[in-house]
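Each value in this text was obtained by applying a stated rule to the coordinates, not by laboratory testing. Because the structure is a prediction, the values reported are computed rather than measured. Cβ atoms come from the backbone with ideal geometry, glycine included; neighbour counts cover every protein chain shown.
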Amino acid sequence: MSDPTYTPPKVWSFDAENGGEFASINRPTAGARVDKALPRGKHPFQLYSLATPNGVKVTILFEELLAAGFSEAEYDAYLIKIGDGDQFGSGFVEINPNSKIPALLDTSTKPETRVFESGSILLYLAEKFGAFIPTDPAGRTECLNWLFWQMGSAPFLGGGFGHFYKYAPEKYQYPIDRYTMEVKRQLDVLDKQLAKHRYIAGDDYTIADIAIWSWYGQVALNRAYEAAEFLQTHEYKHVLRWAKEIDQRPAVKRGLKVNCTWGEPEEQVHERHSAADFD
């Protein structure tokens, strides 16, 4: 039986009861909804986030920087409960007018620097510390090629496939087929690249790996959408090799815990203010 069809009206109108896991917070307008200041810690960087694929990109990089000896990368990480609408508080909107996690404030600059969009945060931190990004022009460009590939591709994985396969209130074949095809094409792109290189952009581990692993690595390891069997991720043997290798990095293990509110208790560090929070 075919899916029921929908005839768009001449003018679209907002239906607050359109269903879905995040229907209660979705609106077609931007800006603050409540007056709510953000907490501040003592470290140079103040991070406001949640351990979603976009959120863990940043906490993994912070933990990698600290592991590499950059003590100036100490950070405070505060939990933003997106299901409760924390991202629409006035303090959060001042840092990210798009009301999406993660949002970062660098208090070491005068004036303070706000950074939003996960890819922008990764690039900002990598350049600030001169780490996890190649310094030669060709290597840097290749790293950025893949960083921006992830930023442009992930909406098909998260907002497309993930939404219709996992979160939509009703399951319809057409959107699931459409986005599954695209996700498998993207996994094939990665698999072909990783057949030739240890890491995404070459021989070195970079912010491109962190960005892409946080989405595609976790899907391949069946940690996102519980879709590994459906997507047959075992077919992408080079992606799996790479995903498993990165998964074993101690900084990655720590970064995954920060601002996490699900799983086993030992997997959750709701707020992070020092290395002692992992004990």
Aspartates and glutamates near residue 81 by alpha-carbon distance under 13 Å, same-chain residues fewer than 8 away left out - which ones?
271
Could you please rank 114, 249, placing first whichever residue has the fewest other Cβ atoms within 10 Å of its Cβ?
114, 249
For region 171-186, in order, what is each residue's ³J(HN,Hα) by Karplus, 6.51 cos²θ - 1.76 cosθ + 1.60 with θ = phi - 60°, in whole Hz (x at glycine and Pro)?
9, 10, 5, 4, x, 5, 4, 4, 7, 4, 4, 5, 5, 5, 5, 5
Identify which of 174, 225, 165 has the largest mean-square fluctuation in a Gaussian network model of the chain, with springs joining Cα atoms closer than 10 Å.
174
Hand me the tally of lysine pairs in region 137-247: alpha carbons under 26 angstrom apart, and the pair either on different chains or 8 or more positions apart.
12
Under 10 Å, Cα contacts only: if you run a Gaussian network model on the chain, which one of 203, 136, 247 comes out with the highest mean-square fluctuation?
136
Does region 91-164 come out rounded, prolate or oblate by the C-alpha gyration tensor, with a ≥ b ≥ c the root eigenvalues, rounded set by a/c under 1.5 and, if not, prolate when a/b is larger than b/c and oblate if not?
oblate
Looking only at 34, 239, 93, which one moves most when the chain is put into a Gaussian network model with springs between Cα atoms under 10 Å?
34
When each of 57/128; 36/100; 42/100 is checked by Cα-Cα distance, pairs over 19 Å
42/100
Using only alpha carbon pairs under 8 Å that are at least six residues apart, calculate the relative contact order of the chain and give it in whole percent.
22 percent
For the chain, rounded, prolate or oblate, judged on the Cα gyration tensor with a ≥ b ≥ c (square roots of eigenvalues), a/c < 1.5 rounded, else prolate if a/b > b/c?
oblate
Go ahead and collect, in residue order, the members of region 232-272 whose backbone nitrogen is under 20 Å from a label point 7 Å along the Cα-Cβ direction of residue 167.
256-263
Please find the FRET efficiency linking residue 108 to residue 229, where r is the Cβ-Cβ separation and R0 is fixed at 41 Å, and quote it to the nearest 0.05.
0.35
Assertion target for 260, 143, ordered by fewest C-beta neighbours within 10 angstrom first, is 260, 143
Which of 277, 76 comes first, and how do the rest follow, when ranked by fewest Cβ neighbours within 10 Å?
277, 76
What's the extension gain from residue 181 to residue 247 if we count 0.36 nm per residue and subtract their Cα-Cα distance?
21.2 nm
Net length gained if the chain between residue 68 and residue 266 were fully extended (0.36 nm per residue, minus Cα distance):
68.9 nm
May I ask you to evaluate 6.51 cos²θ - 1.76 cosθ + 1.60, the Karplus curve with θ = phi - 60°, for each residue of region 50-67 and list the ³J(HN,Hα) values in order in whole Hz, giving x for glycine and proline?
8, 7, 7, x, 6, x, 5, 3, 6, 5, 4, 5, 4, 5, 5, 4, 5, 5
